[in-house]
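Trainee: My structure is below; once you've seen it, I'll send some questions.
The values are calculated or read from the model by the stated rules, or taken from the named source; none is laboratory data. All figures in this text were calculated on a predicted structure; none of them were measured in a lab. Note that each Cβ is placed from the backbone with ideal geometry, even for glycine, and that neighbours are counted across all protein chains shown.
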Amino acid sequence: MAEVRLREIRKSFGETAVLKGISTVIPDRAFVVIVGPSGCGKSTMLRLVAGLERADGGTISIGGRDVGHLEPGDRDIAMVFQNYALYPHMSVAENIGFGLSVRGLPRAEIRERVRRAAEILQIAHLLDRRPRQLSGGQRQRVAMGRAIVRNPKVFLFDEPLSNLDAKLRIVMRTEIKRLHRDLGATSIFVTHDQVEAMTLGDWLIVMNNGHIEQEGAPLDIYARPATAFVAAFIGSPP
Ligand code: ADP
Ligand code: MG
């Protein structure tokens, strides 16, 4: 079970309150999209779940376990970023397996797990290449391979498709949903793109200015926006 539960999460940077009491429950194995305008606090929220930032108040639990005091490596999560930095001097296989070798896993096991992740992502034929020999979409798959190989209970996606061209973005959306189905992990996907949110999410959390405006199934939110902000944000074209 990897339900993610946030209760009254607050976070400020200096004088600026960035998260103003966020409470929500993301059920085990759900695919939830957090959508909201740039600067509303989406990345900060994900970084708190990942353990890359500490909350000023409130609690976060993953699978019923309070993770507030746990280091990122002990939280059973993997994060995929927009600006995925691959190591240019390493092969694709080494890039995917890097986190595992740092943890000292046996080489044969690393090789097997890298191979399996690469097969899932359909990049098994690229394992010996260097990042500079890959297309943007292939690089994105390598970045996802790094997350998959760790076999996490929770995937955190922070606008992973924003740097891709429109056509590839649509292909990768389908891929991410397929991965979600096949891997059976809980997924939290952050985007500022309303269309992406509507197509991807089984459940949407609409954020604005450090708080949650509305949660619900995409079509319910579209049909019955709870606030003027949601009506304008979800209703207007991107
Ligand atoms: P989003 O991902 O929705 O675009 P962020 O969570 O990145 O929003 O940022 C929310 C607000 O917090 C922004 O105003 C941003 O400038 C501020 N912020 C984020 N991280 C920091 C930080 N490390 N130090 C100071 N301010 C930050
Ligand atoms: Mg962000």
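Trainee: Considering each of A231, A143 in turn, give the residue that is of a type in the set (A, V, I, L, M, F, W, C) and within 19 Å of the chain's Cα centre (by Cα). Can you show your working first?
Mentor: Values: A231 fails: within 19 Å of the chain's Cα centre (by Cα).
Of A231, A143, the one residue that is of a type in the set (A, V, I, L, M, F, W, C) and within 19 Å of the chain's Cα centre (by Cα) is A143.
Trainee: State the number of residues belonging to the range 80-89 that are of a type outside the set (S, T, N, Q) and within 12 Å of ligand 1 (Cβ to nearest atom). Before the answer, list the steps.
Mentor: Filtering the range 80-89 for residues of a type outside the set (S, T, N, Q) gives 80-81, 84-89.
If we keep only those that are within 12 Å of ligand 1 (Cβ to nearest atom) too, we end up with 81.
Adding up the residues that qualify gives 1.
Trainee: Give me a count of the residues in the range 117-130 that are in contact (Cβ under 8 Å) with a residue 12 or more places away in the chain and closer than 12 Å to V149 by Cα. Show your work before the answer.
Mentor: The initial filter retains those residues of the range 117-130 that are in contact (Cβ under 8 Å) with a residue 12 or more places away in the chain, namely 117-118, 120-123, 126-130.
Okay, now just the ones that are also closer than 12 Å to V149 by Cα, so 117-118, 120-121.
Total meeting the criteria: 4.
Trainee: Hey, another quick one. From the residues in the range 58-79 that are modelled with pLDDT of 95 or more and within 16 Å of ligand 1 (Cβ to nearest atom), which one is surrounded by the most Cβ atoms within 10 Å (Cβ to Cβ)?
Mentor: It comes out as I60.
Trainee: Working carefully through the options E53, E109, E94, find the one that is at negative phi and surrounded by fewer than 12 Cβ atoms within 10 Å (Cβ to Cβ). If you could, list the steps in order and put the result at the bottom.
Mentor: Numbers: E53 fails: surrounded by fewer than 12 Cβ atoms within 10 Å (Cβ to Cβ); E94 fails: surrounded by fewer than 12 Cβ atoms within 10 Å (Cβ to Cβ).
Only one candidate qualifies: E109.
Trainee: Just to verify a result, which residue in the range 129-156, among those that are outside any helix (DSSP H, G or I) and in contact with a helix residue (DSSP H, G or I) (Cβ under 7 Å, 6 or more places away or on another chain), is nearest to T191 (Cα to Cα)?
Mentor: Looking only at the range 129-156, we keep the residues that are outside any helix (DSSP H, G or I), and these are 129-130, 134-135, 149-156.
After this cut, where a residue has to be in contact with a helix residue (DSSP H, G or I) (Cβ under 7 Å, 6 or more places away or on another chain) as well, the list is 129, 134, 149-150, 155-156.
Details: R129: 30, L134: 25, V149: 24, R150: 23, F155: 14, L156: 11 Å.
So, considering only residues that are outside any helix (DSSP H, G or I) and in contact with a helix residue (DSSP H, G or I) (Cβ under 7 Å, 6 or more places away or on another chain), the one nearest to T191 (Cα to Cα) is L156.
Trainee: Any idea which residue in the range 195-220 is farthest from ligand 2 (Cβ to nearest atom), counting only those that are under 29 Å from T16 (Cβ atoms) and under 16 Å from the mean Cα position of the chain (by Cα)? First the steps, then the outcome.
Mentor: Taking the range 195-220 and keeping what is under 29 Å from T16 (Cβ atoms), we get 196-197, 201, 203-216.
Subsequent filtering for residues that are under 16 Å from the mean Cα position of the chain (by Cα) retains 196-197, 201, 203-207.
Details: E196: 13, A197: 14, G201: 17, W203: 20, L204: 17, I205: 14, V206: 15, M207: 11 Å.
Per the criteria, the residue is W203.
Trainee: Ok, one more. In the range 27-44, how many residues are within 13 Å of ligand 1 (Cβ to nearest atom) and more than 11 Å from the chain's Cα centre (by Cα)?
Mentor: The qualifying residues number 8.
Trainee: Would you be able to say whether some residue in the range 219-235 is surrounded by fewer than 17 Cβ atoms within 10 Å (Cβ to Cβ), touching a residue at least 60 places away in the same chain (Cβ under 8 Å) and within 27 Å of I9 (Cβ to Cβ)?
Mentor: Scanning the range 219-235 turns up no residue that is surrounded by fewer than 17 Cβ atoms within 10 Å (Cβ to Cβ), touching a residue at least 60 places away in the same chain (Cβ under 8 Å) and within 27 Å of I9 (Cβ to Cβ).
Trainee: Here is a further query. Condition (residue is within 24 Å of V25 (Cβ to Cβ) and in a helix (DSSP H, G or I)) applied to the range 167-177: is it met by at least one residue?
Mentor: Yes, the conditions are met somewhere in the range 167-177.
Trainee: Quick one: which strands (runs of 3 or more DSSP E) lie wholly within the range 22-109 and hold at least 1 residues that are touching a helix residue (DSSP H, G or I) at 6+ places or on another chain (Cβ under 9 Å), away from ligand 2 (no atom under 16 Å from the Cβ) and without any contact (Cβ under 8 Å) to a residue 60 or more places away in the chain?
Mentor: Working: elements: 31-35, 57-62, 77-80.
Output list reads 57-62.
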